[in-house]
Amino acid sequence: NPDVPQFTDAQAKAWVKNPIDAFILQKLDKEGLKPAAEASRATLIRRVYFDLLGLAPAPSEIDAFVNDKSATAYEKLVDRLLADPRYGERWGQHWLDVARFAESDGYEYDTHRPEAWRYRDYVIRSFNEDKPYDKFVVEQLAGDELAPTDREMRVAAGFARLGPLRKNAGNQAVAFSRNEVLTEMTNTVGAAMLGVTIGCARCHNHKFDPFRQSDYYRLQAYFAASADDDVSIGTPEQEAAWKVASVAYDGQLKQLKTEMKTLTGDARTAMEKELEALKDNPPAPPPSLYSIEDDYAKLAPVHVLARGDYGHPGEEVGPRPLGVLLPDGAPELPENAQKPRLELAKWITDPENPLTARVMVNRIWEGHFGRGIVATPNDFGRMGARPTHPELLDWLADRFVDGGWRVKAMHRMILLSSTYRQSSLPADATAAKEKDPDNKYLSHFTRRRLESEEIRDTMLEISGKLNPQAGGPSVIVPVDPALVQALYKPSQWAVTKDPAEYDRRSIYLFQKRNFHLPFMEVFDAPDEQISCPRREASTDAPQALELLNGDLSNRLADAFAQRISDEARGNADREVRLAYRLASGRAPNANEEKVGLEFLRTQPLREFALAMFNLNAFLYVE
């Protein structure tokens with residue numbers, strides 16, 4: 001619980017709005033750097049809108065904030081955005097990255113998980129409700145053990161099933177497949193909730209961190225009794241109808257197989273295609289919850305595996321937390337312990353656990369500054385990055401726990417700091433470049449490119465096409481047929497029937513492991529195979545090509561141009577100014593306005609609208 005640095009200098013005292021600033025300023029002073037001036041109000045509102053909602057503010061909202069002269073204008077803005085239901089859609093995506101959320105199995109078959117969207121909606125609700133983070137973790141690790149009849153808890157426990165799953169045809173090596181599942185669960189809990197690379201201890205003692213191989217398998221043992229459980233929530237009528245349809249379906253399959261035995265040549269080929277099509281379209285089962293449960297009848301002992309090979313079991317171990325964080329001689333859970341994952345969750349969320357609060361606070365910090373205090377959010381170990389401000393991380397973690405593990409309170413503290421409100425232009429650019437080229441010490445705000453979801457959602461928003469519908473089954477949008485044909489089963493990509501659904505926020509698009517939407521992929525959306533600790537922000541030619549030539553950008557350029565024309569009523573001056581205000585949150589400067597007017601004399605408005613999507617002022621937040 002470090003002491004907050006104190007300052008006697010009047011200028012320093014004026015800059016320090018809360019303890020965050022005191023820790024940051026202390027480091028800046030030590031490094032011979034000075035903080036930047038405060039960002040303009042127009043810049044600040046755009047920054048905080050994208051950080052909290054993942055969308056741009058409307059020109060009217062910018063004007064209202066800029067013209068609000070009250071001392072609490074910014075504070076009121078932050079509070080309003082934290083209460084906005086779109087906040088959960090933005091910050092829910094951060095957690096879905098960490099939780100490796102996807103709606104298909106991956107590997108060669110990449111079978112769909114039609115009910116997995118319920119976990120996505122659970123996450124969004126949890127962030128909007130400001131659910132305490134410790135409760136959020138417990139529900140995901142052990143919701144089924146905590147409240148087995150509560151639907152929300154059963155959905156939350158589906159966290160354990162979110163990873164990729166290999167489904168082998170023919171003779172399956174059941175023990176091997178089960179070991180892969182347990183390995184994936186264990187690795188993810190270590191990375192996502194504890195911020196450690198415990199997975200490195202699967203085959204041997206960790207080479208760098210103080211984790212024994214036995215620690216790995218003791219952690220894995222908490223999940224030994226866990227089994228997949230699709231909890232039906234269908235009505236009796238739905239269940240009965242499905243049984244009838246299933247009987248009829250099985251009869252059709254049997255009949256086709258029987259008929260096919262007598263056929264040859266083209267007739268047989270045609271029958272095979274008909275049979276394959278039928279197999280791809282079984283009757284849809286009643287709605288269910290994608291969850292897990294403890295099945296002690298299938299419980300197999302957990303052994304330390306030589307080189308991680310299930311075929312070479314060694315010492316049998318029971319559930320126990322990581323040894324380095326326990327007193328010497330701490331016992332394992334007894335073999336018949338009930339609710340083992342709940343015991344694990346209690347240990348992970350214990351206020352005395354030195355990792356959990358620090359890891360989550362670091363993730364929140366990264367969401368606002370683009371880089372965590374620890375730049376490797378899933379690795380707080382020896383091979384991870386050293387914290388730039390270790391005392392600040394300690395202090396924030398203490399406040400997080402003392403404040404009831406409330407994420408929104410942590411947002412608020414960060415956003416109201418002078419550190420966050422700085423301009424992206426350093427006070428001394430030469431000193432900043434020489435002494436801190438990566439801006440680790442935050443002498444100014446780090447400019448960042450929007451993430452894939454932010455770009456797509458904002459294009460929809462400013463073009464007037466964004467469908468604000470929240471929640472429910474994910475949307476499968478149309479894509480190039482040639483891409484669909486490359487899938488293991490093209491029939492899996494069954495496009496959603498209602499075209500209005502295609503314009504919903506990106507978080508509601510179907511997340512298929514082996515097939516990423518081209519627009520999302522070029523802007524660095526994660527691959528969902530493992531926990532994604534932070535998004536990359538590459539810059540390459542395919543991004544410009546997608547924005548200039550892609551189907552999405554061109555369709556939305558038409559709509560954006562129509563909106564500009566309607567609101568500017570055909571006046572070219574107004575069209576240029578409105579386009580810039582919608583796309584970048586500011587008016588064009590004199591040169592931009594001149595170039596824009598010259599462009600419109602020879603080119604259609606839709607080409608100008610398309611150009612707006614390619615501006616740095618649109619793609620970057622300062």
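The values are calculated or read from the model by the stated rules, or taken from the named source; none is laboratory data. From a predicted model like this one, the values you see are computed outputs, not experimental measurements. Cβ sites come from the backbone with ideal geometry, for glycine too, and all protein chains shown count toward neighbours. Just so you know, the surface numbers come from the protein's heavy atoms only, side chains and all, with ligands and any DNA or RNA stripped out. Shrake-Rupley method; radii C 1.70, N 1.55, O 1.52, S 1.80 Å.
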Checked pairs for region 433-444, first within 14 Å of Gly32 (Cβ to Cβ), second charged (D, E, K, R) and not in a loop (DSSP other than H, G, I, E, B), C-beta under 6 Å and 6 or more apart or across chains, list as Lys435/Glu31; Tyr441/Lys27; Tyr441/Glu31
Considering only residues that are within 27 Å of Gly384 (Cα to Cα) and surrounded by fewer than 23 Cβ atoms within 10 Å (Cβ to Cβ), which ones fall in region 162-178?
Pro164
Please go through (1) charged (D, E, K, R); (2) crowded, with 23+ Cβ neighbours inside 10 Å; (3) farther than 23 Å from Met360 by Cβ for Asp215 and return the number of the only condition it doesn't satisfy.
(3)
Restricted to region 44-69 and to residues being more than 25 Å from the chain's Cα centre (by Cα) and of a type in the set (Val, Ile, Thr), the residue nearest to Thr458 (Cα to Cα) is Ile62
If Asp121 satisfies all but one of (1) among the charged types (D, E, K, R); (2) open to solvent by less than 30 Å² (accessible area, probe 1.4 Å); (3) part of a helix (DSSP H, G or I); (4) within 30 Å of Leu305 (Cβ to Cβ), what's the number of the condition it fails?
(4)
Please state which of the following conditions Lys273 fails to meet, knowing it meets all the rest: (1) closer than 30 Å to Gly158 by Cβ; (2) assigned to a helix (DSSP H, G or I); (3) at pLDDT below 90.
(1)
Looking at this structure, is Met383 under 23 Å from the mean Cα position of the chain (by Cα) and surrounded by fewer than 20 Cβ atoms within 10 Å (Cβ to Cβ)?
no
Working carefully through the options Thr446, Thr458, find the one that is polar (S, T, N, Q) and open to solvent by 30 Å² or more (accessible area, probe 1.4 Å).
Thr446
Going through region 419-432 one residue at a time, which ones are in contact (Cβ under 8 Å) with a residue 24 or more places away in the chain and open to solvent by 10 Å² or more (accessible area, probe 1.4 Å)?
Arg421, Ser423, Ser424, Leu425, Pro426, Ala427, Asp428, Ala431
Filtered residues of region 13-32 (kept if farther than 16 Å from Leu393 by Cβ and touching an Asp or Glu at 6+ places or on another chain (Cβ under 8 Å)):
Trp15, Glu31
Inside region 278-297, can you point out the residues that are in contact (Cβ under 8 Å) with a residue 60 or more places away in the chain and either surrounded by 15 or more Cβ atoms within 10 Å (Cβ to Cβ) or touching a strand residue (DSSP E or B) at 6+ places or on another chain (Cβ under 6 Å) (or both)?
Pro287, Ser288, Leu289, Tyr290, Ser291, Ile292, Glu293, Asp294, Asp295
Selection status of Ala345, open to solvent by 20 Å² or more (accessible area, probe 1.4 Å) and small (Gly, Ala, Ser)
no
The number of residues in region 483-499 that are assigned to a helix (DSSP H, G or I) and surrounded by 12 or more Cβ atoms within 10 Å (Cβ to Cβ) is 5
Looking only at region 461-495, which residues are more than 20 Å from the chain's Cα centre (by Cα) and farther than 20 Å from Asp105 by Cα?
Glu461, Ile462, Ser463, Gly464, Lys465, Leu466, Asn467, Pro478, Val479, Asp480, Pro481, Ala482
Out of (1) of a type outside the set (A, V, I, L, M); (2) closer than 28 Å to Val484 by Cα; (3) at pLDDT 95 or above; (4) surrounded by fewer than 23 Cβ atoms within 10 Å (Cβ to Cβ), what's the single condition that is false for Phe101?
(4)
Kindly list, by first and then second residue, each pair from a residue in region 211-225 that is in contact (Cβ under 8 Å) with a residue 40 or more places away in the chain to a residue that is surrounded by fewer than 24 Cβ atoms within 10 Å (Cβ to Cβ) and hydroxyl-bearing (Ser, Thr, Tyr), limited to pairs with Cβ atoms under 6 Å and residues at least 6 apart or on different chains.
Leu219/Thr186; Gln220/Thr186; Ala225/Tyr296
